[in-house]
Structure formats: C-alpha cells, structure tokens
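The values are calculated or read from the model by the stated rules, or taken from the named source; none is laboratory data. All values reported here derive from a predicted model rather than from experimental measurement. As a convention, Cβ positions derive from the backbone with ideal geometry for all residues, glycine included, and neighbour counts pool all protein chains shown.
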Amino acid sequence: MGEVLSQNEIDNLLAALRNGELDVEQMQESGDRQVKDYDFKRPAKFSKEHLRTLEIIYEHYGRLISTNLPLYLRKNIQVTVASSETVTFSEFTNALSNPVILGIVDFQPLTGNIIIELSPNLGFAMIDRMLGGQGVPLEKNRDFSEIEMIILQKLMVVCMQLMREPWRNVLDINPMMERIETNAQFAQVIAPSDMIAIVSMNVKIGDAEGFMNICLPYFTLEDVMDKLNTKYWFSTMQKDDRIDYEEHIESLIKRIDVPIKAILGKSQVSVSDFLSLQQGDIIKLDARVDSELDVFVGNIRKFKALPGSNKDNYAVRVTSVIREEE
C-alpha cells in the first residue's frame, strides 16, 4: 500500500505545480525503472563486499609471508594486494602461461579446492636463492626439474600453512597441499563455467618481481559467504583476537627460560691472592651464614631467601618477594 499524504502535503504539492516549481513530465520520467543487462553466463555471485573482505584477509596473509618467508630465503620480501576480481574458471586457466606453478589446496573443512598460482620467474628466483644464489630469475622460462619441484613444494606448503591465521575470523581451516602442477590442463578442479574470485598479490623478492594469485571458487566458499562481510569480520576479530592474543602471549612467556642466581656474599681480594687460590682455601664474605640472600631474576633483584640444601643439591628457600616500588 502506498504512503497516504496528509491534506497539508496535498495542498503544498498543488501549490508547487501551479507555481511551476514541479514538472509533471520530470516526475513521470523519474518514476521509470532502470533496466540493467544480466549475463547468465557470468552470474554475479561475489559482491563488492565479498571481494573487499577477501582483500582484507589476504592483506593480513601478505604481511605473514613478508615476515616468515625470509627465514627460508634469507632475503627481504615485500607482498601487497594488487587487485581482486571475479571471472570464470576457464578465463583464469586460459590466461595462464606454460610452465606455471599451481598449488592445488584441499581447503578443509570446506568442500572443494583452491589454487595458489605463482609466477614462474618468482619460482626460479626462490630456487636460486634456496640453492645459494642471489635470487636471480631465469631470462627464459623452462620446465622445472624434479629437484626444483621438491624445493618449490616445500615453499608452497609454507605459504599454504600461513593462510590459517588470516582465515581464523571466518573459519578455522586446515588446508592440505594435494599436489603441484606446472600445466594448467591438469588443474581442472571445477567446471570451466563456474565463477571464481581471484586475489592478485604483488610479490617482490630482491630484484625479482611477480604475482601470486589466489583462486577461490564460489563452490568452495558457498557455505561461508554470509561471513565474508567486513562487519562480521571486524566484529569477530575484535571479540576473539583480544582473548586469543593474550592467551597466546601468556603461553609463550611461560615457556621462556630465565636465569636465576642467589648471591651468597661478596669479597675483595688482590690479584696475587686470587692467582694463588687452591682447593680448600677459605674466602671470607661480607654476609653471615644465617642472613638472607638476594635472589636475582636476570639482572633484577626479585626475592629474599635463606640458603640450604635439597637432597644433594644446594638450594634456597624464598622468604619474601621484592616489589618494584622497593
């Protein structure tokens, strides 16, 4: 049912028409609906909101690669998200070069696979760096040898495992590398007409530069499409990250070894006396046997304690804690 106008509003409209402030023809034209073309061969399954959320996820992923991959390549790496778009799977595969590096990843617990595509020049630069070179790509691409494929597979698995943390706000994933292909014809994981989202990442390893493309089929992400929006993503991140981050830091700190030392006392001796010390000699300290000892954690005086023994080991019994203000 349309909106009912009050008598005052009707009078104002009639007055505007008499004064020429409103044009009847313009009002009729503004009521016409705009018709948009729809291509049934390329259904719009990914919205701009979905693509933006995927960009946020892989911006985080790019930072993780920039931090972790230099541990293996011993070279500075810069990774940035260049673009995101939706295409059919056939358009993606037709644009691939030969040879190409395609990591087929089982995106558990979601159904189906995703593909990590790496430019061949980046692959050769990584191989050269892993084998002790300067990380210089080949001037002309060629097929990869078996040894080179083993090295690439190791690096691709490292890159794949780094996806877990960026996706945690949407879903806890457990990706598994099924295989690596160098020919696009053997990477037909979905139907050619199915829609996919592609997140293109610009990767720079020293002087070598190329693209890493993440191919995400709609078939695989269909179950979590409702969660691929920035509002859900940020609300989950703010709620979960605070707890997870604190617990993670606390667990790391608990595993750190810190040196602890108890000072029995101090004494000053001459260099000649020090050089002539022998087993059984006695050094007089500036502390009594029954006095409390200072216990240091690192270089910080933290406890007072009394000396003693535990079985066959020397030990101290903590008597008090020294606070920061003391």
With (1) closer than 30 Å to Asn169 by Cβ; (2) not assigned by TED's automatic domain parsing to the domain that holds Asn169 as the list, and Asn313 as the residue in question, which single condition is left unmet?
(1)
Return only the number of the condition from (1) buried (at least 20 other Cβ atoms within 10 Å of the Cβ); (2) within 23 Å of the chain's Cα centre (by Cα); (3) in a helix (DSSP H, G or I) that Tyr72 does not satisfy.
(1)
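Results for (1) surrounded by 20 or more Cβ atoms within 10 Å (Cβ to Cβ); (2) among the aliphatic types (A, V, I, L, M), shown as yes or no for each residue.
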site: Pro120; (1), (2): yes, no
site: Met149; (1), (2): no, yes
site: Val158; (1), (2): no, yes
site: Met176; (1), (2): no, yes
site: Gln185; (1), (2): no, no
site: Ala197; (1), (2): yes, yes
site: Lys204; (1), (2): no, no
site: Ala208; (1), (2): yes, yes
Evaluation of Ile282 against (1) over 50 Å from the mean Cα position of the chain (by Cα); (2) in contact (Cβ under 8 Å) with a residue 24 or more places away in the chain (one fails), failing number
(2)
Cβ-Cβ below 9 Å, separation at least six or inter-chain, first residue in the range 145-160 and assigned by TED's automatic domain parsing to the domain that holds Asp172 and closer than 12 Å to Tyr72 by Cβ, second surrounded by fewer than 15 Cβ atoms within 10 Å (Cβ to Cβ) and polar (S, T, N, Q): which pairs?
Val158/Asn68; Cys159/Asn68
Quickly run through the range 107-133 and pick out the residues that are part of a loop (DSSP other than H, G, I, E, B) and either within 22 Å of the chain's Cα centre (by Cα) or in contact (Cβ under 8 Å) with a residue 12 or more places away in the chain (or both).
Phe107, Gln108, Pro109, Leu110, Thr111, Gly112, Ser119, Leu131
Would you check if Arg301 is at pLDDT below 85 and either closer than 11 Å to Ile263 by Cα or not in a strand (DSSP E or B) (or both)?
no
So Thr67 fits all but one of (1) within 30 Å of Val170 (Cα to Cα); (2) exposed (fewer than 13 other Cβ atoms within 10 Å of the Cβ); (3) at pLDDT below 85; (4) polar (S, T, N, Q); what number is the exception?
(3)
Subset of the range 137-147 (residues that are out of contact with any Pro (no Cβ under 6 Å at 6 or more places or on another chain) and surrounded by 15 or more Cβ atoms within 10 Å (Cβ to Cβ))
Pro137, Phe144
Being under 15 Å from Val295 (Cβ atoms) and not in a strand (DSSP E or B) is the filter here; which residues of the range 306-325 pass it?
Ile322, Arg323
